[in-house]
Amino acid sequence: MLQIRGPILPERLIPQKDMEKVLRQAVEEESDLAGIHFEGGIAPAEALRIISLKECRFTSCRFGKCKGEQLYFLNVEFESCDFSSSFFDRCLFRRVRFINCKLSGALFSDSSFEQCIFENSPARMAAFSRARCKEVLFSKCDLSQANLQESKLVKTLFEDCRLRGAELLHTPLKGVDLTSDDLEGIRVTIPELRGAIVTMEQACELAKLLGIEIR
């Protein structure tokens, strides 16, 4: 059974609504942020580079125009936030939880996720290409047509997820449990599937996708 610690947050956080101003100032001053609860905020349009956000909570915040580069998130919770079409390049997410967030079209290419939870967060056409996932749970997420190619999935679980048309080429699935997921139209080849855990019905469907005729 996959056990993920998830974010550890202090009982009291400093409330902050002007997220745009605070993040912009942190980048300008090259300072890190910690112990803040951002609520209803909007991320600045300019690039956010090389800062750390630790023990923070984001509630109903919008990141649509965000361009994050080499950011470090530690013990952070995002709840009901909108990441649609946002961009996070070479970022590190450690003990981060996404709850009821919109991730459709978001780009997390070349980023790392450790002890992270994605819960009930639609991520259609999101890009996790070349991502490194270690002890990550995707629960009840729509990952249809998402790009996870050339990624590393270590102790990663997809639980009741839609992976219709998802791209997993060059992403080894050994030990990944897919038995509760919708795999219709998933894009994989035989090397990636070696060691994956699937049901008999899913195995038959995957065989058809690979051009194997079952009689």
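The values are calculated or read from the model by the stated rules, or taken from the named source; none is laboratory data. Everything numeric in this text was worked out from a predicted model, so none of it was measured. Here the Cβ is made from the backbone with ideal geometry for all residues, glycine too, and neighbour counts use every protein chain on show. Just the protein is used for accessible areas: all its heavy atoms, side chains included, with ligands, DNA and RNA removed. Shrake-Rupley method; radii C 1.70, N 1.55, O 1.52, S 1.80 Å.
The Rg/Rh ratio for segment 53-118, using Cα coordinates for both the radius of gyration and the Kirkwood hydrodynamic radius, is 0.91. For segment 1-131, the share of DSSP beta bridges that are antiparallel, to the nearest 5, is 0%.
Rolling a 1.4 Å probe over the heavy atoms of the protein chains gives the chain an accessible area of 51 Å² per residue. Would you mind checking Lys102/Lys174; Lys65/Lys155; Lys134/Lys174; Lys102/Lys155; Lys67/Lys140 for any pair whose Cα atoms are more than 22 angstrom apart? The answer is Lys102/Lys174; Lys65/Lys155; Lys102/Lys155; Lys67/Lys140. Under the criterion of Cα pairs below 8 Å and six or more residues apart, the relative contact order for segment 13-109 equals 21 percent. By the compact-protein rule of thumb, 2.2 N^0.38 Å, the alpha-carbon radius of gyration of segment 1-102 corresponds to a ratio of 1.00.
The antiparallel fraction among DSSP beta bridges confined to segment 62-215 stands at about 0%.
Estimated translational diffusion coefficient (Stokes-Einstein, Kirkwood radius over Cα pairs, 37 °C, 0.692 mPa s) of the chain: 186 µm² per second.
Look at the alpha carbon pairs under 8 Å that are at least 6 residues apart: their mean separation over the length of segment 68-151 gives a relative contact order of 24 percent.
Each of His170 and Glu29 was given a label point 7 Å from its Cα along the Cα-to-Cβ line. The distance between the two points is 4.2 nm. Applying both filters, DSSP loop and at most 16 other Cβ atoms within 10 Å, to the GluC sites (Glu not before Pro) of segment 1-42 gives Glu11, Glu30.
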